1. Residues to consider are VAL120, VAL129, VAL81; find the one that is of a type in the set (Val, Ile, Thr), farther than 20 Å from VAL29 by Cα and not in a loop (DSSP other than H, G, I, E, B).
2. Looking only at residues that are of a type in the set (A, V, I, L, M, F, W, C) and touching a Ser or Thr at 6+ places or on another chain (Cβ under 8 Å) in the stretch 63-80, which one is nearest to ASN16 (Cα to Cα)?
3. Could you identify the single residue in ILE100, ILE84, ILE128, ILE73 that is more than 16 Å from LEU6 (Cβ to Cβ) and either touching an Asp or Glu at 6+ places or on another chain (Cβ under 7 Å) or crowded, with 18+ Cβ neighbours inside 10 Å (or both)?
4. Checking the conditions here, which among ASN31, ASN43, ASN16 is under 18 Å from VAL129 (Cα atoms), free of Cβ contacts under 8 Å to residues at least 40 places away in the same chain and among the polar types (S, T, N, Q)?
5. Here are HIS117, HIS67: which of them is of a type outside the set (D, E, K, R), within 22 Å of ASP141 (Cβ to Cβ) and in contact with a helix residue (DSSP H, G or I) (Cβ under 6 Å, 6 or more places away or on another chain)?
6. Which residue is surrounded by the fewest Cβ atoms within 10 Å (Cβ to Cβ), if the candidates are limited to the stretch 136-178 and must be among the hydroxyl-bearing types (Ser, Thr, Tyr) and part of a loop (DSSP other than H, G, I, E, B)?
7. Kindly list the number of the only condition in (1) modelled with pLDDT under 95; (2) in a strand (DSSP E or B); (3) loosely packed, with under 15 Cβ neighbours inside 10 Å that fails for THR33.
8. Determine whether the stretch 74-87 contains at least one residue that is on the phi < 0 side of the Ramachandran plot, among the basic types (Lys, Arg) and either without any contact (Cβ under 8 Å) to a residue 40 or more places away in the chain or touching a His at 6+ places or on another chain (Cβ under 8 Å) (or both).
Amino acid sequence: MKIEKLEIAGAYLIHNFFAKDERGSFSKVFNNTNKVLGGINLNFKEIYFSTSKKSVIRGMHFQTPPHDHSKLIFLTKGKIVDLILDIRMSSVTYSKYLAIDLIQNKNALIIPTGVAHGFVSLKNNTTIVYCQTSPYKKSHDKGIRWDSFGYKWEVQQPIISKRDKLFKPFEDFSSPFI
């Protein structure tokens, strides 16, 4: 495994160990013994997965304190562009975003607390796994409107949930992350 530090503090791209032969493939997504991650709590409490159609946009999601969490995201089927947006007001990269191509079984993304997350599915039946360091808490589940922070999604007819459409735009957002 190779770990690449990204431009947003605390975010990392993991280049998975990947092997393929006549039987199929094997991928190692995460190893918690690696101390390179700067003390980020990666004691996962919940693991989810979602399946999305082509052109689905999900995001930009996060949980507020004290139920905020770091995430490990990886793709088991399909293709996505994953987006992270720094919403930590004291961060030198506050309001900056990164778009990362996640490749099925080949890489994973570590997202620290205080960074909003979303993605666009580029193929039907795309499956994403989310490992989170705190349990889901509906009252702390928040978001920023997907089209309000400067990223050009390049999707002709995006499929977006009613909930995601109703989030406040970034310019009206008041961050709970100092």
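The values are calculated or read from the model by the stated rules, or taken from the named source; none is laboratory data. Note that the structure is a prediction, hence the values are computed from the model and not measured. Neighbour counts run over all protein chains shown; Cβ positions are idealised from the backbone, glycine included.
1. After applying the criteria, what remains is VAL120.
2. If we take residues in the stretch 63-80 being of a type in the set (A, V, I, L, M, F, W, C) and touching a Ser or Thr at 6+ places or on another chain (Cβ under 8 Å), then LEU75 is nearest to ASN16 (Cα to Cα).
3. Answer to the check: ILE128.
4. So the residue among ASN31, ASN43, ASN16 that is under 18 Å from VAL129 (Cα atoms), free of Cβ contacts under 8 Å to residues at least 40 places away in the same chain and among the polar types (S, T, N, Q) is ASN31.
5. The match here is HIS67.
6. Among those residues, the one meeting the criterion is SER174.
7. Of (1) modelled with pLDDT under 95; (2) in a strand (DSSP E or B); (3) loosely packed, with under 15 Cβ neighbours inside 10 Å, only one is false for THR33: (2).
8. Pass one, the stretch 74-87, residues on the phi < 0 side of the Ramachandran plot: 74-77, 79-87.
Filter once more, keeping what is among the basic types (Lys, Arg): 77, 79.
With either without any contact (Cβ under 8 Å) to a residue 40 or more places away in the chain or touching a His at 6+ places or on another chain (Cβ under 8 Å) (or both) added as a condition, the list becomes none.
No, that holds for no residue.
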